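Q: Sharing a structure with you now.
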Amino acid sequence: MSDRPALLFLCHRIPFPPDKGDKIRSWHLLRHLAGRFRVHLGTFVDDPQDWQYLPRLEDLCEQVHAEPLSPARATLRSLRGLLTGEPLTLPYYASRRLQRWVRCQVADHGVDRVMVYSSAMARFVPGDLPWRRRVIDFVDVDSDKWRQYAQRHAWPRSWIYRREGERLLAWDRRVAQAFDASLFVSAAEAALFRRLAPEVAERVGFYNNGVDSDYFSPAHDFDDPYPPGSRALVFTGAMDYWPNVDAVCWFVEEVMPRLRERVEGLRFCIVGARPDERVRRLERHPDVLVTGRVPDVRPYLAHALAAVAPMRVARGVQNKVLEAMAMARPVLVSPQGLDGIEAAVGEEVLLGETPDAFAGHVLALLAGEHAGMGAAARQRVLQDFNWDRSLPSVTALLDAEEAA
């Protein structure tokens, strides 16, 4: 048996494949921790297509316990929170089997360290067990995201979202008090949580996301996926995620009309899995392309005039922005989309908040301005967003014997 210590890793969504924001971060975290610990992974699988990747995780981990999760049934189950007073997020991820499995890992396998990814999974870490170290990666301040949702929806959704933000913040504060360390995706997210939970400020930190800069590299040669003669703007992301849906709808409705008559061959391409009905309806515009899931987003980035991230609701760090920067593409981004990324505006990214600002940036790029921006953006990613530099700090927290 290996002499590496055992670690329980609890994750709300199977951390493979790394094809969306939360799974990119959880996969790299898991892979790093597996080099130091014998990892016992407990997770949920909410996409039937992801079951095929279980062997990949079993090769990496000592044990894997994967629970099936039906989003439709989980949504109905979450309504119990309206009766119990808890945030709806907690009953969404309810599982007695996972609770029993966690206790078994502690009793039968000597697991005494736990890494939790997403605050909902903290419910599976009972306080009566002899934990040596408990560390949680909240990733984002999700309670603030729900607050933003409330501001952009009418009643009764606004009431539900506002309530979720308040109850989730209360839960997150209790979790942070119980754990040895709480981590976030950026300095900005950590600072926000310290303001919201000052009682745990000294135990709140962050580690940056990374980008596989060899994979997302302009050195690769890709066939052009766009129609001939296209001047393409591209948005990448999961297209059943409301902030992404909101962003692309706003761009099509507010920015594209300012460009259609002025730019020949203009195309706005929306690349991402599971486009919802609002996104599909955008295809009624002949200059809008909706791809659905693609095997590789890099050709769409490589041959685009620019990537756009006009987020109006966001928390944490937008991987879509980092990946486009790593591909040395100009990125047109809103203030919300740039949160947590210390990029030089005007030199490494183009910042816009209004439709006229976004349209003006597109016209400037077509006029040949900002020629060196893509290269500068890639250098920023290489400097600040490197998994090998950021992840050792997590291992150090789990190894901190003096705090046991």
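The values are calculated or read from the model by the stated rules, or taken from the named source; none is laboratory data. Just so it is clear, the model here is predicted, and its values are computed rather than measured. A quick note on method: Cβ atoms are made from the backbone with ideal geometry, for glycine too, and the neighbour counts reach across all protein chains shown.
Q: Need a quick list: helices (runs of 4 or more DSSP H) entirely within the range 253-361 having at least 2 residues that are without any contact (Cβ under 8 Å) to a residue 60 or more places away in the chain and surrounded by fewer than 14 Cβ atoms within 10 Å (Cβ to Cβ). Give the derivation first.
A: On the way: elements: 277-281, 298-302, 319-326, 335-338.
By residue number, 277-281.
Q: Another question, if that's okay. Being under 19 Å from the mean Cα position of the chain (by Cα), farther than 26 Å from residue 168 by Cβ and surrounded by fewer than 19 Cβ atoms within 10 Å (Cβ to Cβ), is that true of even one residue in the range 32-43?
A: Yes, some residue in the range 32-43 is under 19 Å from the mean Cα position of the chain (by Cα), farther than 26 Å from residue 168 by Cβ and surrounded by fewer than 19 Cβ atoms within 10 Å (Cβ to Cβ).
Q: Working only within the range 328-345, note down all residues that are within 22 Å of residue 221 (Cα to Cα) and touching a strand residue (DSSP E or B) at 6+ places or on another chain (Cβ under 8 Å).
A: Step one: of the range 328-345, the residues within 22 Å of residue 221 (Cα to Cα) are 328-331.
The answer is 329, 330, 331.
Q: With farther than 15 Å from residue 111 by Cβ and either assigned to a loop (DSSP other than H, G, I, E, B) or outside the structural domain of residue 319 (by TED's automatic domain parsing) (or both) as the only criterion, which of 25, 36 stands out?
A: Values: 36 fails: farther than 15 Å from residue 111 by Cβ.
Of the residues listed, the single one that is farther than 15 Å from residue 111 by Cβ and either assigned to a loop (DSSP other than H, G, I, E, B) or outside the structural domain of residue 319 (by TED's automatic domain parsing) (or both) is 25.
Q: When you go through (1) more than 15 Å from residue 211 (Cα to Cα); (2) modelled with pLDDT of 95 or more; (3) part of a helix (DSSP H, G or I); (4) over 21 Å from the mean Cα position of the chain (by Cα) one by one for residue 379, which number turns out not to apply?
A: Result: residue 379 fails condition (1) only.
Q: So residue 130 passes all but one of these: (1) out of contact with any Phe, Trp or Tyr (no Cβ under 8 Å at 6 or more places or on another chain); (2) part of a helix (DSSP H, G or I). Which condition number does it fail?
A: Here residue 130 meets the rest and fails (2).
Q: Now for a separate question. Applying the selection to the range 68-117, what residues are of a type in the set (Gly, Ala, Ser), closer than 30 Å to residue 3 by Cα and not in a loop (DSSP other than H, G, I, E, B)?
A: 107
Q: Continuing with the same structure: Mind telling me which of the residues 174, 147 ends up being surrounded by fewer than 21 Cβ atoms within 10 Å (Cβ to Cβ), free of Cβ contacts under 8 Å to residues at least 12 places away in the same chain and of a type in the set (Lys, Arg)?
A: Testing whether each residue is surrounded by fewer than 21 Cβ atoms within 10 Å (Cβ to Cβ), free of Cβ contacts under 8 Å to residues at least 12 places away in the same chain and of a type in the set (Lys, Arg) leaves just 174.
Q: Can you tell me which condition residue 130 does not meet? The list is (1) at pLDDT below 95; (2) buried (at least 21 other Cβ atoms within 10 Å of the Cβ), and all the others hold.
A: The single condition residue 130 does not satisfy is (2).
Q: In this structure, is residue 195 charged (D, E, K, R) and surrounded by 14 or more Cβ atoms within 10 Å (Cβ to Cβ)?
A: It is false that residue 195 is charged (D, E, K, R) and surrounded by 14 or more Cβ atoms within 10 Å (Cβ to Cβ).
Q: Here is a check on your reading of the model: is residue 272 among the small types (Gly, Ala, Ser), within 26 Å of residue 148 (Cβ to Cβ), in contact with an Asp or Glu (Cβ under 9 Å, 6 or more places away or on another chain) and not assigned by TED's automatic domain parsing to the domain that holds residue 18?
A: Taking the combined requirement at face value, the residue satisfies it.
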